[in-house]
1. Note down the relative contact order for region 110-204 as a percent, whole number, built from C-alpha pairs under 8 angstrom at least six residues apart.
2. Could you state the principal axis extents of the C-alpha atoms in region 94-144, from the largest down, to the nearest angstrom?
3. By how many nm would the segment from residue 191 to residue 97 grow when fully extended, if each residue of separation counts as 0.36 nm and the alpha-carbon distance is taken off?
4. Could you give the length gained on full extension between residue 179 and residue 132, defined as 0.36 nm per residue of separation minus the Cα-Cα distance, in nm?
5. Can you give the extra length, in nm with one decimal, that the chain gains between residue 81 and residue 37 once fully stretched, where that is 0.36 nm per residue apart less the Cα-Cα distance?
6. Considering the alpha-carbon set of region 110-204 alone, what are its Rg and its Dmax in angstrom?
7. For region 101-128 and region 162-183, write down the distance between their C-alpha centroids in whole Å.
8. Under the classification rounded if a/c is under 1.5, otherwise prolate if a/b is larger than b/c and oblate if not, where does region 68-108 fall, given a ≥ b ≥ c as square roots of the Cα gyration tensor eigenvalues?
């Protein structure tokens with residue numbers, strides 16, 4: 001993806017194209033992204049300093065940047081490695097039920113596990129539902145979704161059951177998926193439960209060091 005094309009797409013978003021998909025990728029949000037560059041791309045009215053989920057315990061928040069905070073289907077959160085100067089993203093996150101943001105392969109919030117498996121063209125490995133970061137895809141197992149990443153940036157996908165509407169049978173499936181730390185997407189319980197994407201995250205590597213968030217997603 002060329003820089004000219006990226007700027008063009010982002011300019012459409014900044015101009016208020018309410019129904020346009022938004023590109024969520026390592027090219028759009030590169031390691032040298034800053035709050036100033038987001039303002040240049042999207043406009044100052046759409047880029048605000050705000051508290052974002054990050055800290056030593058569940059429920060902790062730290063200062064970051066929120067993009068399109070007044071639009072639930074376009075809201076995006078950034079936590080900065082260089083927090084005082086709001087530059088060099090530590091992570092970029094989209095979470096919730098639905099969003100206009102799309103990964104390079106077309107994944108978005110609400111996409112099902114089976115949808116993702118079809119895009120990957122093979123089963124993949126993800127965390128079970130018993131620990132922190134539950135439902136996070138850990139390996140694409142050589143599938144085509146490996147191509148979403150760059151050497152310094154990774155696209156993380158997390159799937160979650162709809163816990164608010166879990167039936168008795170679904171509860172039993174979830175319990176099966178708590179018995180080991182990792183499961184294949186092809187596991188019969190995963191296939192039947194078919195959880196949906198609840199969060200997409202970009203994390204970064206610098207100087208050969210992993211991002212603080214590269215092993216799991218935020219605690220929610």
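Only the coordinates and a few stated rules stand behind these numbers; no lab work does. What you see is a predicted model, and the numbers here were worked out from it, not measured in a lab.
1. 40 percent
2. So the extents along the principal axes, rounded to whole Å, are 27, 26, 15.
3. 31.9 nm
4. 15.5 nm
5. Stretched fully, the residue 81-residue 37 segment lengthens by 14.3 nm.
6. My reading of the Cα-based Rg and Dmax gives 12.9, 43 Å.
7. Cα centroid to Cα centroid, the span is 19 Å.
8. Oblate, because a/c is 1.5 or more while a/b does not exceed b/c.
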